[in-house]
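Contents: one structure, followed by commentary.
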Amino acid sequence: MAVDASLDQRNSLIPDIESLARPTLEERGRQRFCSALRRYAIQDMPDLLKRDFDERVKRRHEARGEALDDALAIERAMKAEPSYRFYSTLRYNAQEMCFQSVQEPIERALPEMIGVARDAAERSPAGGTLRLDPALEMPRYLTSLDVHLTPGCFHSEWVEDDVAQGAVVSLGSRVFSATMNHRSWGGVARVISRWIKHERPDFRPSRMLDLGTSSGKNLVPYVEAFPGVEAHGVDLGAPLLRWGHAVAEHEGVPIHFSQQNAESLDFPDGHFDLIVSSFFFHEIPVKATRKVLKECRRLLRPGGLMVHQELPATGLVDAWEDYFWNWDTDNNNEPFYTAFRAQDPIALMTEAGFDPARSFAQILPDVNAYPDRHGAFAWDEPGRPRHGKGGWYVFGSSLPQ
Ligand SMILES: C[S@@+](CC[C@H](N)C(=O)[O-])C[C@H]1O[C@@H](n2cnc3c(N)ncnc32)[C@H](O)[C@@H]1O
């Protein structure tokens with residue numbers, strides 16, 4: 001067939017890269033099973049475990065005069081209990097299986113996916129950009145293990161222009177979070193952007209940055225919330241960025257992805273008026289956290305705002321919740337969880353040059369669960385939701401004009 005040379009290919013759509021992995025009926029069944037198993041392990045089992053602790057284990061220890069009033073004491077007491085062993089084994093395996101369940105359909109579709117991502121990178125019809133740095137050194141904290149049991153982690157590349165890890169992280173996370181084949185932009189970004197608009201109705205960021213953006217899932221909602229904002233996302237993993245760029249271009253959202261280490265970024269001083277991150281800091285050592293926060297201070301312009309969503313700090317939760325969150329440190333290839341959570345975020349931000357009087361650490365209510373309570377639920381407010389159960393813990397700061 002002759003091609004009409006007058007057609008302007010630059011504006012034709014990028015195909016949906018996310019729809020190319022087509023699981024067979026059997027694979028789909030396996031994904032649904034893994035999803036339900038993981039949901040049971042993370043949502044239902046902890047309550048059963050807590051009941052066993054309260055009604056049996058704790059009483060037995062207290063009868064011996066042993067107080068189980070911190071996470072370490074609880075961990076020691078629970079380690080050999082059949083209830084804990086069953087829960088922990090199930091949760092570990094469910095986590096692994098969620099990611100494994102997407103690998104085969106991804107492998108079959110890989111050449112096609114790479115083609116789409118290349119096309120997106122060449123044409124960028126939505127106006128985004130993709131800037132990769134093949135010489136960028138990957139820190140050991142990323143390369144020494146498969147973070148949260150994701151096979152291949154965030155950065156591995158096996159073929160030229162590889163997008164496999166972008167697909168595994170993105171599609172595996174859907175099995176993991178039980179959203180299955182539905183694309184959902186990040187709920188965290190929706191919560192934070194709504195909160196910002198509620199708290200600061202006059203705040204109109206013109207340029208923003210998302211650290212550890214992965215494929216931009218928790219960056220895109222800011223573009224919807226603040227139309228016209230120039231949105232930048234940085235990450236170490238090239239396959240995630242290629243994938244995210246292809247998705248954003250397909251959706252017509254201009255995002256500027258670049259492969260950089262958040263500890264040392266190449267943007268000029270005062271370049272951004274909004275800096276965000278989600279699920280990022282707990283994945284890096286505290287030493288790196290300090291460097292990243294210094295970068296945030298350097299990059300934020302006067303009047304700018306910084307908001308990071310993270311795991312709740314140790315000092316802000318009770319002993320059981322503390323114990324619950326730290327499970328990942330030993331069992332989920334998340335070696336920095338406990339050390340990060342042990343930090344006082346206000347102190348870390350102060351050390352990086354932020355004013356403690358302008359800094360905050362609080363739970364933001366999920367807009368779906370609490371539509372009318374945008375500014376509510378400081379840590380000491382009775383009835384506040386738990387992080388991950390109707391609310392998200394954030395810390396951040398702002399600069400004066
Ligand atoms: C758990 S993912 C979070 C993804 C995303 N923010 C979200 O909300 O879904 C953490 C991301 O941080 C990235 N990362 C880890 N260390 C980094 C660093 N030093 N600089 C930039 N990105 C980093 C990883 O590659 C990974 O994509």
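Throughout, read-outs are computed from the coordinates displayed, never taken from laboratory work. Here the structure is a predicted model, which is why all the values come from computation and not from measurement. Virtual Cβ from ideal backbone geometry, glycine too; neighbours counted across all protein chains shown.
When only alpha carbons are used to place a centre, region 206-250 and region 110-157 end up 13 Å from one another.
Relative to the longest principal axis of the Cα atoms of the chain, the long axis of helix 187-199 lies at roughly 90 degrees. Using only side-chain charges placed at the Cβ, +1 for Lys and Arg and -1 for Asp and Glu, the dipole size of the chain relative to its Cα centre rounds to 760 debye. Here the simple spin-label model places points 7 Å from the Cα toward Cβ, and for L145 and R298 these points are separated by 3.0 nm.
On the basis of the beta-carbon distance and an R0 of 51 Å, R200 and L25 show a calculated FRET efficiency of 0.55. By the count of neighbouring beta-carbon atoms within 10 Å, fewest first, K197, K58, K217 end up ordered K197, K58, K217. Secondary structure note: in the chain, about 30% of the DSSP beta bridges are antiparallel.
Among P254, T289, I346, flag the residue with its Cα farthest along the positive direction of the charge dipole of region 182-398, charges on Cβ as +1 for Lys/Arg and -1 for Asp/Glu. Going by the Cα projections, it comes out as P254. Just checking the listed ones, G244, G127, G391: in the Gaussian network model of the chain with Cα springs under 10 Å, the one fluctuating most is G127. Taking every DSSP helix (H) stretch of at least 4 residues in the chain, weighting each as -39,500 (n - 2.57) and dividing the sum by the residue count yields a mean residue ellipticity at 222 nm of -13000 deg cm²/dmol.
Full extension of the segment from T129 to R386, taken as 0.36 nm per residue of separation minus the current Cα-Cα distance, would add 88.8 nm.
Basic side chains Lys and Arg get +1 at the Cβ, acidic Asp and Glu get -1 at the Cβ, and with that the dipole of region 220-355 about its Cα centre reaches some 440 debye.
Ignoring the sites themselves, the chain has its longest run without GluC sites (Glu not before Pro) in a DSSP loop having at most 11 other Cβ atoms within 10 Å at 161-401. Helix 286-299 axis versus longest C-alpha principal axis of the chain: approximately 50°, rounded to the nearest ten.
Exposure proxy for T24, T350: other Cβ atoms within 10 Å of each Cβ, ordered fewest to most, give T24, T350. Exposure proxy for W243, W392: other Cβ atoms within 10 Å of each Cβ, ordered fewest to most, give W392, W243. At R0 = 25 Å, how high is the FRET efficiency between A319 and D269 if r is their beta carbon distance? Nearest 0.05 is fine. In this case the efficiency is close to 0.05.
Under the classification rounded if a/c is under 1.5, otherwise prolate if a/b is larger than b/c and oblate if not, where does the chain fall, given a ≥ b ≥ c as square roots of the Cα gyration tensor eigenvalues? Oblate shape, in that a/c is at least 1.5 and b/c is the bigger or equal ratio. Spin-label model, L13/A357: points 7 Å from Cα along the beta carbon direction are separated by 5.3 nm. Put the Cα centre of region 323-338 next to the Cα centre of region 17-72 and the gap is 14 Å. Placing a label point 7 Å from the Cα of R118 along the Cα-to-Cβ direction, the residues of region 151-170 with a backbone N closer than 13 Å are 159-163. The slack between W158 and Y40, meaning 0.36 nm per residue of separation minus the straight C-alpha distance, is 39.1 nm. Projecting the Cα positions of A36, S88, P46 onto the charge dipole of region 25-100 (unit charges on Cβ atoms of Lys, Arg, Asp and Glu, taken about the Cα centre) puts A36 furthest along the positive direction.
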